[in-house]
Amino acid sequence: MRTILRLCLLSLMLLLPAGSSVMAQHTSPTDSVTLNTERKRGFMGRVCDYWNDLTTPQEVVNPIRYHTSLLGVGGLIQHDSYLSPLNYGGYRATLMTEVYTPLGKPLLGTSLHRFAAELDAGWALNPAQNAIFYSIFGNVYGSYLYKWSPAKQLNLFGGPGLRLGTGGVWSTRNGNNPGTLRLYADVTAHGTITYRLPSERWGLLFRLSDEVSLLGAGFSQEYGESYYERFILNSQGQITDRLYLRHPGSGFSNRLMLTVDIPLLDYATLMLGYRHGYESSNVNRIQTYESSHSLLVGFSMLFQNLHGRKNNIRYSPL
């Protein structure tokens, strides 16, 4: 037994130098020097590296944005019981712009930010054609959209958004209360379906989109209440006293659009489409609604901002 133990100890003593030599072979003098140098540099070394990367000229390329500019003209049906119990009919002109900007890739797919702004001007007559409604409204939209691609050329977009709007209607018939003012802010739901023809020569892009208001807040005066008496003669009058909760029963908005992008060879992309706009409210014994159908024409463009000193030297025409 003792002889066996002595043989084991002797074998261990013979193996230790060999193991030490193997470890020495794996740890080269160069690695040791590098490790010691990194430890000595510490925090200041990392700061110097960051400053060097910051001051080195970079080539910054932003995502490509899809931008549209549209002009619409169509018919309008308008009703405002504060001004008249009758329905007015006429025309509406619309200026509209949209911008879609990619944001990244979350869990459910590529995400985009949509910004849109529209300006509507209307002119409507009563059935007797002896009174006119002049109206102007402006709306700004912002939406966060998720993108799904169930097929190669088919894309689905959906997500929540916000809408801020204001405007008013002026009547040529009413003397004491000739106009109304509207203010509103809504949480919206946006959905879009796009399909592009699989052709480089005729790559038409078809787009169907809809934006619906869900919940928000708005301003409405009382029936028969005069703006002059409330806000000028009465110094205590405030807009916040006439705010109301907007929902599909008290205030509703819908924007439906169908467009097609038509490439004009390699010079531009023409956009043609149809737009249906609907607004309604029923609060403080005042009922309003507006329904318009418009034909759209405009252009769609792709924009990409190039930043950085390398791009300034490489692409600047000056």
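The values are calculated or read from the model by the stated rules, or taken from the named source; none is laboratory data. Fair warning: this is a prediction, and the values are worked out from it, not measured in the lab. Glycine gets a Cβ as well: all are built from the backbone with ideal geometry, and neighbour counts include every protein chain shown. Heavy atoms of the whole protein, side chains included, go into the accessibility calculation; ligands, DNA and RNA do not. Shrake-Rupley method; radii C 1.70, N 1.55, O 1.52, S 1.80 Å.
Things to note:
- Considering only alpha-carbon pairs that sit under 8 angstrom and 6 or more positions apart, the relative contact order computed for the range 161-318 is 17 percent.
- Residues listed by number, the range 193-213, amide nitrogen under 19 Å from L256 label point at 7 Å toward C-beta: 193-195, 206-213
- Pair-distance profile P(r), taking every C-alpha pair of the range 75-218, with 10 angstrom steps and integer %: 10, 30, 27, 18, 11, 3, 0
- Cα→Cβ-extended label distance, 7 Å offset, between E200 and Y223, nm: 6.6
- ³J(HN,Hα) computed for each position of the range 251-257 - Karplus, 6.51 cos²θ - 1.76 cosθ + 1.60, integer Hz, glycine/proline x: x, 9, 9, 8, 10, 10, 9
- Solvent accessible area, Å² - Y223, 1.4 Å probe, full protein context: 120
- For the pair L302 and Y146, label points projected 7 Å from Cα toward Cβ lie 2.7 nm apart.
- Working from Cα pairs under 8 Å separated by at least six residues, relative contact order for the range 116-220 is 22 percent.
- In order along the range 300-311, phi translates into HN-Hα couplings of 10, 9, 10, 10, 9, 7, 10, 10, x, 5, 5, 5 Hz, rounded to whole numbers, per the Karplus curve 6.51 cos²θ - 1.76 cosθ + 1.60 with θ = phi - 60° and x for Gly and Pro.
- Using C-alpha pairs under 8 Å with a sequence gap of at least 6, the mean separation divided by the residue count of the range 82-142 gives a relative contact order of 35 percent.
- Where a label projected 7 Å from the Cα of H293 along Cα→Cβ would reach, residues of the range 194-210 with amide N under 20 Å: 207-210
- What the phi angles of the range 130-142 give under the Karplus curve with 6.51, -1.76 and 1.60, with θ = phi - 60°, is a coupling list of 10, 8, 10, 9, 9, 9, 8, 9, x, 9, 10, 10, x Hz, glycine and proline written as x.
- Ratio of Rg to Rh over the range 169-318 (Cα coordinates, Kirkwood Rh, two decimals): 1.17
- Carbon and sulfur %, accessible surface of the range 151-218 computed with the full protein complex present, 1.4 Å: 67
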